[in-house]
Amino acid sequence: MLGDSNSSTIVAAFCQGPPQNRTIQGRQSKLLIICSMIRHGRPPLSEKSLLSSANFTLSLLPIRLARRIQALRNLPYIVVSNPNISRIYNNYLHSLCILLPYWHAASQGYPISTRQDEIEFTNVLAELVATHTDTIPILAKGFLECRKYISSAEVTRFLDEHLRARIGTRLVGEQHIALHFSSQPHFAPEDSPTPCPEHPSYIGAIDTALKPSLTIDACAGFVADICELRYGSRPLIYIDGEPDTTTFAFVPMHLEYIVTELLKNAFRATVESKCREPVVVTIAPEPPLKEQPGGAPLIKQSTEDRGQFRSDAIKPLDDNAPGVTIRIRDRGGGISPDVLPNIWSYSFTTFSDDAEFPGPGISGGDGLSAIATASTGGSSIAGLGYGLPLSRAYAEYFGGGIAVQSLYGWGTDVYLRLKGVGNIT
Ligand code: ADP
Ligand code: MG
């Protein structure tokens, strides 16, 4: 076990990362990760590719976990000693500790090299991914309890960095798990965090031909259900634009998260303002910025060893990936000018469980009932105050974004722009 006495040294050492990783920062490292995730090829993977994917995953995770541990340690002591925050801190420490033997073996020249090693490693990984599932409501509760000791700006700064890093870390783990199980679908556990998609357009956790209209349909059904539970009515939704022909390469779980949160906001505003107009979702495909001469695939298959990537192997992924813009338009009365500056802050909400319909304005929900629902794996229509900032973090992860345009007294337009993860053929 990673005791507290030596954990500081180990965490500090990992935060440095191996020499080849120290120079790779932010956006470039994301593209590099995606490029490397895809280069393992389409499932079913050969044993060699699966082992290479496992070792690539192992090369990234301990450093990423250590950086999160370091960031949590840098919070004021009274904050990190809050039971909820320290639960998350210990979770990260535990995960790093579980991966250490694999890391040490690899650094001494014994990487994951047999099928049995890979199966064992994937099981450990699946357990780690599952252990971190509830991080968000727990952190939300912790920061709510600590609001006397840390400013909302500091919390937003910490959470923005932490949750963005978490998106990448989970994606790295989930990608290998999905590749593993899609190479042997019959062995996928029923409660696998990333159930094996049998669809041929999947490469691990990425769908290379994701159709946003299908995701929107599915999410709208789910959000209408929770709306009906809370308010007793289901708003109408109408999809226009180019729903039938628009596809792009993206992570379905990320799109589901964003669309669900944006629809919750639109549906809530619609019902609370007693509006009968449908929420209109417009899907507009975004063509690649520039064509590659000869129409060659833009992702080059890298044959290089892990850690030694050329930067030119990842640039095309950034510039040319086709994407999609989705506009979600509601007639729910818009956002009042006093609320608008706060909507991107974590924990900010105008939702209140007490009032039946709180109406526009800051009614100051404490988020506790939404946290309680989220901690048990459920979902409430609003109240956590994480929907917009976290959706924006997901959208920006691959170079997209979210813009909110409010016509106070009328309604809200939300523009979700997503860049595909690559022009994958
Ligand atoms: P939550 O939904 O939990 O309150 P969000 O981050 O999703 O948290 O949204 C923050 C706030 O932004 C909401 O409480 C609401 O006041 C405002 N808001 C977001 N979207 C809309 C919308 N479509 N119409 C009106 N208000 C909105
Ligand atoms: Mg919301």
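The values are calculated or read from the model by the stated rules, or taken from the named source; none is laboratory data. Model, not experiment: these values are computed from the prediction. Here Cβ is always computed from backbone atoms with ideal geometry, including for glycine, and neighbour counts include all displayed protein chains. The area values use the complete protein model at the heavy-atom level, side chains included, leaving out ligands, DNA and RNA. Shrake-Rupley method; radii C 1.70, N 1.55, O 1.52, S 1.80 Å.
Annotation for Asn90 and Ile119: the two label points, set 7 Å from Cα along the Cα-Cβ direction, are 3.3 nm apart. Annotation: Glu396 carries an accessible surface of approximately 60 Å², with a 1.4 Å probe and no ligand, DNA or RNA atoms counted. The simple spin-label model puts a point 7 Å past each Cα toward its Cβ; for Glu161 and Tyr238 those points are separated by 4.7 nm. For the stretch 223-245, backbone nitrogen atoms closer than 13 Å to the point 7 Å from Ser369 Cα along Cα-to-C-beta are found at 229-232.
Length gained on full extension, Lys48 to Tyr110, computed as 0.36 nm times the residue gap minus the Cα-Cα distance: 20.8 nm. The slack between Glu127 and Asp338, meaning 0.36 nm per residue of separation minus the straight C-alpha distance, is 71.6 nm.
The stretch between Tyr408 and Asp134, if pulled fully straight at 0.36 nm per residue, gains 95.1 nm over its current Cα-Cα span. Amide H contacts of Gly334 (H built 1.01 Å from N, in plane; Pro and chain starts excluded): Gly409, Trp410, Gly411, Thr412 sit under 5 Å, all sequence-distant by 5 or more or on other chains. For Tyr202, the residues whose amide H sits under 5 Å from its own are Thr208, ignoring neighbours fewer than 5 places away on the same chain, with H placed 1.01 Å from N. Phi-derived couplings, Karplus 6.51 cos²θ - 1.76 cosθ + 1.60 at θ = phi - 60°, listed residue by residue for the stretch 233-250: 8, 10, x, 7, 9, 10, 9, 10, x, 10, x, 7, 9, 8, 9, 7, 8, 7 Hz, with x used for Gly and Pro. Across Glu272, Glu161, the residue with the most accessible area heads the list, and the full order at a 1.4 Å probe is Glu161, Glu272.
His180 contributes about 10 Å² of solvent-accessible surface, heavy atoms of the protein only, 1.4 Å probe.
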